[in-house]
Amino acid sequence: MVQPHSRRRCIITTWTVYLSGEIHSDWRSEIEAAAKAHNLPVTFTAPITVHADSDDAGAVILGEPESNFWRDNMGAKVNAIRTRKLIADADIVVVRFGEKYRQWNAAFDAGYAAALGKSLIVQHPTEFTHALKEVDGAALATCETPAQVAKILAYVIDGTLDR
């Protein structure tokens, strides 16, 4: 018989967690380090996090277009090849909205993940709650810190509830 407070390993051997959103801080490494500390069976995936490479991908690979609109359009489509595949393959999608920049692409990723029925965790500062109410409404959990995201991952994957 399983004791009420004992660890319960999940049947999934390795979970895939896609880390979407803000690319200007080290929030991903904080979550990855916490998962490693808990010895969680997790593979993390993410978009291209080098901002210049993400912006320039279409133009560098396909050639410089005549306007910024088409430059951004090409880059977005080339990046979407990776994003769509990694979100589709993820067991959990974490979307972070940072304080400094508006991450419209993160909102799109959250909507895409929700449309695919993915388990969605959203992380953002409290002051974004009203602006992101629809995104939060689609999420199974809404957090304020990467540490909270890491605790959710430890709980759902390994049954570890840090009190």
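Just so it is clear, none of the values below were taken in a lab; they were calculated from the coordinates. Bear in mind that the values here come from a model prediction, so they are computed numbers and not experimental data. We place every Cβ from the backbone using ideal geometry, glycine too, and count neighbours over all the protein chains shown.
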DSSP-loop trypsin sites (Lys or Arg not before Pro) across segment 93-138, with at most 15 other Cβ within 10 angstrom: LYS100, ARG102
Rh by Kirkwood over Cα pairs, then Stokes-Einstein D for the chain at 1.306 mPa s and 10 °C, µm²/s: 94 µm²/s
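Just tell me the longest site-free run in the chain, where the sites are GluC sites (Glu not before Pro) in a DSSP loop having at most 14 other beta-carbon atoms within 10 Å.
After excluding every exposed loop site, the longest remaining stretch is 1-65.
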Local electrostatic count, GLU22, Cβ distance below 9 Å [Lys/Arg +1, Asp/Glu -1]: +1
Spin-label model distance (nm) - SER67 vs THR13, 7 Å beyond Cα toward Cβ: 5.2 nm
Helix 68-89 axis, angle to the chain major axis (alpha carbon atoms, nearest 10°): 20 degrees
Label-point gap, in nm, between GLU99 and THR160 - each point 7 angstrom along Cα→Cβ: 2.8 nm
Members of LYS118/LYS151; LYS36/LYS77; LYS77/LYS151 lying beyond 22 Å, as alpha-carbon distances in this model show: LYS36/LYS77; LYS77/LYS151
Tilt relative to the chain, helix 27-37 - C-alpha long axis, 0 to 90 degrees, to 10: 30 degrees
Relative contact order [Cα under 8 Å, 6+ residues apart], the chain, whole percent: 28 percent
Dipole of segment 1-133, positive direction: furthest Cα of LEU120, SER29, SER67, with charges on the beta-carbon: LEU120
